[in-house]
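Novice: The structure is given below, and queries will be raised subsequently.
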Amino acid sequence: MAISYDQVIEFLSSISIVAPDQLDCGGCFELFAEFVEAEERGDKLTEPLKAVQNHLRQCPCCAYEYETLVEAIREADKESGA
Ligand SMILES: [Zn+2]
């Protein structure tokens, strides 16, 4: 039994866990501040912010930048006595 290329693609897309990456790193970076704020407040994520979250799962570089930013914000909050 031969499997066609189309069938392979169909199979792969049916099992893929993550949605296709809609953002590049620049676009992701632009939304970082907004994304962090929404996360900290526990807001429901808007579509662009969901794209950021999705990108972070797939891009170790941005995930690292994001963690650094979150740390910095938490430190700043501590210092302001919040
Ligand atoms: Zn990235």
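Novice: Are any residues in segment 46-65 under 19 Å from Cys25 (Cβ atoms) and part of a loop (DSSP other than H, G, I, E, B), and if so, which ones?
Specialist: If the condition is that a residue be under 19 Å from Cys25 (Cβ atoms) and part of a loop (DSSP other than H, G, I, E, B), then Cys59 is the only one that fits.
Novice: From Leu69, Leu49, grab the single residue that is modelled with pLDDT of 90 or more and in contact with a helix residue (DSSP H, G or I) (Cβ under 8 Å, 6 or more places away or on another chain).
Specialist: None of the others qualify; the one that does is Leu49.
Novice: Out of (1) modelled with pLDDT under 85; (2) loosely packed, with under 14 Cβ neighbours inside 10 Å, what's the single condition that is false for Gln22?
Specialist: Going through (1) modelled with pLDDT under 85; (2) loosely packed, with under 14 Cβ neighbours inside 10 Å one by one, Gln22 breaks only (2).
The values are calculated or read from the model by the stated rules, or taken from the named source; none is laboratory data. Being a predicted model, the structure only gives us computed values, none of them experimental. Neighbour counts are summed over all protein chains in view; Cβ atoms, including those assigned to glycine, are modelled from backbone coordinates with ideal geometry.
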